[in-house]
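The values are calculated or read from the model by the stated rules, or taken from the named source; none is laboratory data. Fair warning: this is a prediction, and the values are worked out from it, not measured in the lab. Methodologically, a virtual Cβ is constructed for each residue, glycine included, from the backbone with ideal geometry; neighbour enumeration extends over all protein chains shown. In case anyone asks, the SASA skips ligands and DNA or RNA and just uses the protein heavy atoms, side chains included. Shrake-Rupley method; radii C 1.70, N 1.55, O 1.52, S 1.80 Å.
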Amino acid sequence: MKRTVSLLTASLLLLSLTACGNESIPSPTPSQPVAEATPTTTPEPTPQPTPWNWPEGAPEEQGIDPGMLEKLHADLDASDVRSALVVRNGVLVDEYYKEGFDETSVFSLQSCSKSVTSALVGLAIEQGYIQGVDVPISDYFPHLLDSSSPYAGEITLWHLLTHTTGFYGTDNELWEVWRSSDNWVDYVLEQSIVTRPGAAFNYSTGNSHLLGVIVELATGKSLLEYGKEVLFDLLDMDSVICGTDPQGYCDGGNGFSMSLRDMAKFGQLFLQGGVWEGKQVIPEGWVEDSTALQFKRNTGSADYGYQWWVRTFGVEQYPAFFAQGHFGQYIFVVPALELVVTVTSHHTGSSSMYWRLMNDIVAGCET
């Protein structure tokens, strides 16, 4: 009897196991490789490039008379000049600051800003944002064609670059009312066109401001943002800032500020035909056109390129070009002497002081 029960129990157990075998049982998955333990050491930080800075050297090693520089400093001490810097052959040989200023000081360029804006116009043309200097500005400001003047459609970027638009009013005549207007762009465009474009030189920061606005409209970026992307960051010009007009457009005619050393970098870039550290930053042709005579004036001691002034210095009459701003801001470049001189001031007198300064520096350079 006990045996019968055991057999019956075994049979029931076998049937139970068979029934369970008909249920859906997940198949075992292959074993996954075990992940290796994450290292506990901190990865090495990515090395950051060292910002470019000026190589420095003794003036006599670069063919400059140290005695001339001593006299220069004495003259500067008695002047309204705040800072000055001399570069020869790509080497910083002299740097001067009045008390309260140093190489970290950021100075308003005033109208030296115009030369910076001109460089950005050239880059926008090179990159295809702007077709060229012969483009009518009415392409960007179509309401200009509402003017009653038959010349409105003739004004091009070339005329803005050379201050020959024909618009009424110089900075001397319109500066205060223009800068206090609610809309700087419209104020310029609403002025009467009193001469045919290209016929007369009429220096107006309003022309330069329109250039900066055109770059912004063409690129879709602020003038400062675009400048950082294509120029300033490439030269480690990290001091550059720019003011804006009531509509938020960068003040391309008067609003840039930067350190004295960054001013010198900009001048050195143009001395080198737009090349920096082996890279063509600004097109060589634009550098040549900007710093060549584009319009010969009937008055004054200098003529004009594309927002750069051109004249000669020294007994040998070395051709030079320079950016000039109100109160005595300057970037001088004398290519034949591999010379760059930058100056910041708060000088309200004649600019002839700076011509004497440059003639003295040129005289102190061996050729």
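Rundown of residues vs (1) at pLDDT 95 or above; (2) under 20 Å from L161 (Cβ atoms), yes/no style:
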residue: Y318; (1), (2): yes, no
residue: I331; (1), (2): yes, yes
residue: A336; (1), (2): yes, no
residue: T344; (1), (2): yes, no
residue: S351; (1), (2): no, no
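Picking from residues in the range 325-334 that are crowded, with 21+ Cβ neighbours inside 10 Å and under 19 Å from L109 (Cβ atoms), the one that is farthest from the chain's Cα centre (by Cα) is G328.
Taking the range 190-211 as the range and being out of contact with any Asp or Glu (no Cβ under 7 Å at 6 or more places or on another chain) and either surrounded by 22 or more Cβ atoms within 10 Å (Cβ to Cβ) or under 20 Å from G243 (Cα atoms) (or both) as the test, the residues that pass are G206, N207, S208, L210, L211. Taking the criterion of being without any contact (Cβ under 8 Å) to a residue 12 or more places away in the chain and assigned to a loop (DSSP other than H, G, I, E, B), the only residue of the range 278-289 that qualifies is G278. For the range 302-310, the condition of being open to solvent by 40 Å² or more (accessible area, probe 1.4 Å) and either out of contact with any strand residue (DSSP E or B) (no Cβ under 8 Å at 6 or more places or on another chain) or assigned to a loop (DSSP other than H, G, I, E, B) (or both) holds for none of the residues.
Scanning the range 335-356 for residues that are buried (at least 21 other Cβ atoms within 10 Å of the Cβ) and over 23 Å from S257 (Cα atoms) gives a single hit, L337.
Restricting attention to the range 290-331, the residues that are touching a residue at least 60 places away in the same chain (Cβ under 8 Å) and touching a Gly at 6+ places or on another chain (Cβ under 7 Å) add up to 3. Applying the criterion of being over 16 Å from Q110 (Cα atoms) and either in contact with a His (Cβ under 8 Å, 6 or more places away or on another chain) or not charged (D, E, K, R) (or both) to the residues of the range 235-251, the residue that is most open to solvent (accessible area, probe 1.4 Å) is Q247.
Considering only residues that are assigned to a loop (DSSP other than H, G, I, E, B) and within 32 Å of the chain's Cα centre (by Cα), look in the range 54-83 and name the one that is nearest to G325 (Cα to Cα). Taking the candidates together, the pick is D80. Has the range 227-234 got at least one residue that is over 20 Å from Q110 (Cα atoms), open to solvent by less than 50 Å² (accessible area, probe 1.4 Å) and more than 12 Å from the chain's Cα centre (by Cα)? Checking the range 227-234: not a single residue is over 20 Å from Q110 (Cα atoms), open to solvent by less than 50 Å² (accessible area, probe 1.4 Å) and more than 12 Å from the chain's Cα centre (by Cα). Within this structure, V91 passes the test of being surrounded by fewer than 18 Cβ atoms within 10 Å (Cβ to Cβ), of a type in the set (V, I, T) and under 18 Å from E366 (Cβ atoms). Filtering the range 286-298 for residues that are touching a helix residue (DSSP H, G or I) at 6+ places or on another chain (Cβ under 9 Å) and of a type in the set (K, R) leaves an empty set.
Here is a check on your reading of the model: is L293 buried (at least 17 other Cβ atoms within 10 Å of the Cβ), among the aliphatic types (A, V, I, L, M) and at pLDDT 95 or above? Against the criterion (buried (at least 17 other Cβ atoms within 10 Å of the Cβ), among the aliphatic types (A, V, I, L, M) and at pLDDT 95 or above), L293 does not qualify. Within the range 217-239, residues that are closer than 19 Å to L260 by Cβ sit with their Cβ atoms under 6 Å from residues that are outside any helix (DSSP H, G or I) and open to solvent by 50 Å² or more (accessible area, probe 1.4 Å), at 6+ positions apart or across chains, in these pairs: D236/P51; D236/W52; S239/V106.
For the range 45-84, the set of residues classified as under 23 Å from M258 (Cα atoms), out of contact with any strand residue (DSSP E or B) (no Cβ under 6 Å at 6 or more places or on another chain) and of a type in the set (A, V, I, L, M, F, W, C) consists of W52 only. Please count how many residues of the range 187-216 are free of Cβ contacts under 8 Å to residues at least 40 places away in the same chain, part of a helix (DSSP H, G or I) and not β-branched (V, I, T). Result for the range 187-216: 2.
Scan the range 252-273 for residues that are assigned to a loop (DSSP other than H, G, I, E, B) and either small (G, A, S) or surrounded by fewer than 22 Cβ atoms within 10 Å (Cβ to Cβ) (or both) and report the count. Residues flagged as assigned to a loop (DSSP other than H, G, I, E, B) and either small (G, A, S) or surrounded by fewer than 22 Cβ atoms within 10 Å (Cβ to Cβ) (or both) within the range 252-273 amount to 6.
With the checklist (1) surrounded by 13 or more Cβ atoms within 10 Å (Cβ to Cβ); (2) over 30 Å from the mean Cα position of the chain (by Cα); (3) part of a loop (DSSP other than H, G, I, E, B) in hand, flag the one item S105 doesn't pass. Tallying (1) surrounded by 13 or more Cβ atoms within 10 Å (Cβ to Cβ); (2) over 30 Å from the mean Cα position of the chain (by Cα); (3) part of a loop (DSSP other than H, G, I, E, B), S105 fails exactly one: (2).
Checking each residue in the range 58-88 for being of a type outside the set (A, V, I, L, M, F, W, C) and open to solvent by 70 Å² or more (accessible area, probe 1.4 Å) picks out E60, E61, D65, E70, K71, D75, D77, D80, R82.
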